[in-house]
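J.: Sharing a structure with you now.
What follows is calculated from the coordinates using simple rules that are stated; it is not laboratory data. Treat the numbers as computed from the prediction; the structure is a model and nothing was measured. Note that we place each Cβ from the backbone using ideal geometry, even for glycine, and neighbour counts take in every protein chain shown.
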Amino acid sequence: MNKLWVFDIDNTLANVHHRWDHLRGEKKDWDQFFAKQHLDEPYQAVLDVFHALAFDRGDDAFIVVTGRDERFRDVSLEWLNRHIQFNFPTQDLYMRPGGNREDDDVLKVKIIKNWLQRHPNYKVGAIFEDRHRIIDAFRAEGWYTFECNQERLEY
Ligand SMILES: [Mg+2]
């Protein structure tokens, strides 16, 4: 079996702490939160793990699965290319379809299950994710998940 490695962006590969204030309190301002995403610094440790795995990738697959809306595809790809430092294939970046309002744990499980269905000789190697609700959903599927919530942000 080949392995699928999955990385989240916000608060996993990318440090979102500087734009965190927009998600505090009763009214979360996701538009403002996402407007500053190009300014994120990466978590070097998570990038290093990505690079270490990808260096000897063989037939392994690497995808990025984010709850960000499709309208952020260009800025997200630009960020990934700048920090991962190779041309990340646009088809390997899985995002929230325009207008989709599903909870991100439901959305992400669906994306990964669909991927596995289309690639029957693959299984999940591991997933890197920060949100507890999503981590729980992945673990319920039997997928090994590393918790990357370095800042212990709750949202
Ligand atoms: Mg995240």
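J.: So R19 passes all but one of these: (1) farther than 24 Å from L116 by Cβ; (2) under 13 Å from the mean Cα position of the chain (by Cα). Which condition number does it fail?
T.: If we test R19 against (1) farther than 24 Å from L116 by Cβ; (2) under 13 Å from the mean Cα position of the chain (by Cα), just (2) comes out false.
Yes/no per residue for (1) of a type outside the set (D, E, K, R); (2) touching a helix residue (DSSP H, G or I) at 6+ places or on another chain (Cβ under 6 Å); (3) under 28 Å from G58 (Cα atoms):
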{"site": "I84", "(1), (2), (3)": "yes, no, yes"}
{"site": "M95", "(1), (2), (3)": "yes, yes, yes"}
{"site": "L107", "(1), (2), (3)": "yes, no, no"}
{"site": "K123", "(1), (2), (3)": "no, no, yes"}
{"site": "R139", "(1), (2), (3)": "no, no, yes"}
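J.: In the stretch 75-105, how many residues are more than 21 Å from W5 (Cβ to Cβ) and within 14 Å of the chain's Cα centre (by Cα)?
T.: Residues meeting the conditions: 0.
J.: Still on this structure, please answer the following. Considering the stretch 1-24 alone, what residues qualify as being assigned to a loop (DSSP other than H, G, I, E, B), more than 24 Å from G99 (Cα to Cα) and more than 12 Å from the ligand (Cβ to nearest atom)?
T.: M1
J.: Would you pick out the residues in the stretch 65-79 that are among the basic types (K, R) and touching a strand residue (DSSP E or B) at 6+ places or on another chain (Cβ under 7 Å)?
T.: Residues satisfying the conditions are R68, R73.
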